[in-house]
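Beneath this line is the structure, given in structure tokens, with notes to follow.
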Amino acid sequence: MNFLETPLKDLYIVEPRVFSDARGYFFESFNAKTAVGTPLENYRWVQDNESQSIKGVLRGLHFQKGDHSQAKLVRVISGQVFDVAVDLREDSPTFRKWFGMVLSSENKKQMLIPRGFAHGFLVLSDSATFTYKCDNYYASESDSGFLYNDPDIGIKWPDLGMAYIISEKDQNLGTFSSSYKFQL
């Protein structure tokens, strides 16, 4: 696996080694043994999640607070998404900055998102299956987030020529400034 630094501190793009031939392909999406000496070595994954969404679905921006904060290793099994992470760590030189990239079943890239980041994605293809490993269990009482289009963060989401499909919960999230009274 190759680990590519992003403009955000501690956020990595993970490029697996893919073996392809006429039959298809094979790759390891994670291997604890080969993670030693890489940015993945300090993570212990305890929960795997998967979602399937149609084109235009925007999920996020979400994070968990306090002791329930989660790191994630995210990837797309089928389809294509624009994946975004926002640094929420006040002591980080990239605090309140965001990074986004296309993750797809074709490029097989993953994003390693450490604790202290908000996360969201927009489905670009007709549908997408999105999966992620977490290093902490989900706790509903620690669930939090802020609006995907918060002007203080300024994420440049792709224009799909259609309205995004956003859950009622995500539509009712506050702005970063109004919701940032939390302890990571």
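No lab work stands behind these numbers, since they all come straight from the coordinates. Everything numeric here is computed off the predicted structure, so don't read it as measured data. Reconstructed Cβ throughout: ideal geometry from the backbone, glycine too, with neighbour counts over all protein chains shown.
Residue ranges 95-108, 17-30, 129-142 sort as 95-108, 129-142, 17-30 when ordered by packing (mean number of other C-beta atoms within 10 Å per residue, highest first). When both the stretch 3-50 and the stretch 111-143 are represented by their alpha-carbon centers, they are found 15 Å apart.
Contact order for the chain, expressed relative to its length and based on alpha carbon pairs under 8 Å spaced 6+ residues apart, stands at 29 percent. Straight-line cross-link reach from Lys133 at under 25 Å between alpha-carbon atoms covers these lysines, not counting any fewer than eight positions away in the same chain: Lys9, Lys33, Lys55, Lys65, Lys72, Lys97, Lys108, Lys109, Lys169.
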